[in-house]
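Okay, so here's the structure we're looking at.
Throughout, read-outs are computed from the coordinates displayed, never taken from laboratory work. Because the structure is a prediction, the values reported are computed rather than measured. When we count neighbours, we look across all protein chains shown, and the Cβ atoms used for this are built from the backbone with ideal geometry, even at glycine.
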Amino acid sequence: MKKIGYGKQFIDSDDERYLKRIIYDDLITNGKQVQIFEKKLKKKLKSKFCLVCNSATSGLFLAFKAINIKKNDIIVMPAINFISSYSMAKQVGAKIILCDVDKETGQITPETFEKCLKINKIKKLKALVTMYLGGYPNNINEFFKLKKKYKFFLIEDSCHALGGSYKIGKKYFPIGSNRHSDISIFSFHPVKPITTGEGGAITTNNSKIFQKIQLLRNHGIVRKSKYWDYDIKELSFNFRISDLNCALGITQLKKINKFIEKRNEIYKWYNEYFGNLKNIKLIKVQKNTRSSYHLILLNINFDQFNIDKDIFLKKLNKKNIFLQFHYKPIFLFSFFKQKRNYLKNSIKYMSNTVSLPVFHELRKKDIDRISKIIFSVLKKPF
C-alpha cells in the first residue's frame with residue numbers, strides 16, 4: 001500500500017514554466033518578482049501594506065522589532081505553538097508569558113487570556129500573539145474588545161491561515177486584512193496552503209510599522225541615490241527573499257482558491273467518518289469564521305480506547321499512514337527551565353490531538369483507507 005504522509009506541496013506545469021522564465025531575469029534577488037508577489041498578496045488579503053521575507057520566523061522577529069519591544073516588555077502567546085514565536089520574542093528581550101488554551105481547539109480564548117493576566121498579575125501588556133492553529137480563525141471581534149480594554153498590540157500568527165477569513169460586522173474579511181489587528185504573519189513552507197519553498201509575509205495597515213519592517217528587512221539600508229551609495233539607519237540582518245521564491249509564490253497564489261476548495265472537500269470526507277462520534281471529534285470551525293484547513297485536527301480520547309497515543313501512531317506507521325501532531329506545549333521542551341504543569345488544557349490537547357493527512361492530491365479512496373485503518377487500530381467498529 002502506498003505511503004500517505006500528513007502533508008506536502010503541490011507543484012504543476014504552470015509553476016514550472018514561470019520559474020524557468022524567471023531564472024533568466026537580470027536580477028533574481030530583490031527584483032521585480034518580489035514586488036509583484038507583494039502587490040498580489042496585498043490585493044488578495046485586502047491589507048494596506050504587505051512585505052515578503054525569507055521565512056515566517058523572520059516575519060515574527062521583524063514584527064516584534066517594528067512595535068518596539070524592549071527588554072522585559074511582556075508578550076503573551078499560546079503554550080501550544082511552534083517554537084518560532086517564542087524564540088523570536090526572546091531575541092528581542094521580551095518577557096514571555098505562556099497562556100493556556102482551549103483543550104479541544106488548542107487556541108487561546110478570551111477566557112484563558114484573561115485568566116492568564118490574572119494568574120500572572122500582568123498590569124501592562126505590550127503584545128498578544130494569537131495563533132490560528134491549523135488555519136482555524138478565532139473570534140477576532142472578542143479579541144479586538146480585549147485589545148481596546150487592555151491596550152496592547154495584537155499580532156496574528158496566521159502561518160497556517162492563508163485563505164481563511166472571519167466575519168466583522170456584516171462582511172467576511174480575509175485573515176491578513178488587519179481590520180482588528182496590528183500585524184499578521186504568514187508562512188509559505190511546503191506544507192502550507194501555498195508554498196514558495198521557504199518564505200513568509202507580513203501585513204499591516206499601519207504605515208509606521210510598515211516603514212520600520214521595510215527598513216529592517218534589508219540590513220537597515222536606506223538608498224541615497226540610484227548608485228551604490230546608501231546610509232544605515234539601524235543595524236539589522238538580511239531577511240530578503242529571492243525572486244525565484246516569489247515567482248513560485250505568484251503562480252501558487254493563482255491557485256489558492258482551488259487549494260482551499262480541495263481542503264474543504266477533504267474535511268467533508270473525514271467528517272463522514274468522524275463527524276458524529278462520542279470519543280473521536282473533528283475540530284470544527286468557530287462561528288462566523290472560515291478555515292484554510294492547513295491542518296485537519298482530530299481529537300481522540302485515547303484513554304477510552306485503552307491505547308497510548310505513541311503506540312497508536314506507530315501502528316498507523318506500520319500500515320504506511322503517517323499522522324502528525326501540532327504542537328507540543330513549549331514549556332515541555334528541555335530548554336524551558338520552569339515547568340508550567342498548571343497549564344492543564346495544553347497538556348490535555350497534546351495528549352489527545354493528531355493531525356490527519358491533508359494535501360491536494362488526496363482522493364476519497366485515500367480518506368476511506370486512512371479512516372478505516374484508524375478505526376481498526378482503535379478497535380472501534382464503523
For the chain, modelled as a GNM with alpha-carbon contacts under 10 angstrom, which of LYS344, LYS121, LYS258 fluctuates the most? LYS121
Choice from SER351, SER158, SER207 with maximal GNM fluctuation in the chain (Cα, 10 Å cutoff): SER207
Going by alpha carbons, how many degrees (0 to 90, nearest 10) lie between the helix axis of 364-378 and the longest principal axis of the chain? 60 degrees
If contacts are Cα pairs under 8 angstrom and at least 6 residues apart, what is the relative contact order of the chain in percent? 23 percent
Give the angle, between 0 and 90 degrees and rounded to the nearest 10, that separates the Cα long axis of helix 207-216 from the longest principal axis of the Cα atoms of the chain. 90 degrees
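Given the DSSP H assignment, sum -39500 (n - 2.57) over each helix run of at least 4 residues in the chain and divide by its residue total; what's the result at 222 nm in deg cm²/dmol, nearest 500?
Calculated mean residue ellipticity at 222 nm is -11500 deg cm²/dmol.
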Return one number: the angle in degrees, 0 to 90 and rounded to the nearest 10, between the long axis of the Cα atoms of helix 13-22 and the longest principal axis of the Cα atoms of the chain. 20 degrees
Gap in Å between the Cα centre of the stretch 264-286 and the Cα centre of the stretch 316-382? 14 Å
Given the options GLY199, GLY93, GLY249, which has the most mean-square fluctuation in a GNM of the chain, springs set between C-alpha atoms less than 10 angstrom apart? GLY93
For each cysteine in the chain, check whether another cysteine's C-beta sits under 4.7 Å from its C-beta; list those where none does. CYS50, CYS53, CYS159, CYS246
Nearest 20 debye, what's the magnitude of the dipole of the stretch 144-216 about its Cα centre given +1 on Lys and Arg Cβ and -1 on Asp and Glu Cβ? 620 debye
Taking only C-alpha pairs under 8 Å that are 6+ residues apart, what is the relative contact order of the stretch 173-217 in percent? 33 percent
Computed over the stretch 216-329: relative contact order in percent, which uses C-alpha pairs under 8 Å that are six or more apart: 14 percent
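Suppose every K and R has +1 on its Cβ and every D and E has -1 on its Cβ; what is the size of the dipole of the chain about the Cα centre, in Debye to the nearest 20?
Roughly 880 debye, rounded to the nearest 20.
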For ASN141 and LYS48, FRET efficiency with R0 = 25 Å and r from the beta-carbon atoms, rounded to 0.05? 0.75
Just the number, please: Stokes-Einstein D of the stretch 13-254 in µm²/s, Kirkwood Rh from C-alpha pairs, 4 °C, 1.567 mPa s. 70 µm²/s
Projected onto the charge dipole of the chain (+1 at Lys/Arg Cβ, -1 at Asp/Glu Cβ, origin at the Cα centre), which of ASN138, ILE250, TYR227 gives the Cα projection farthest towards the positive end? ASN138
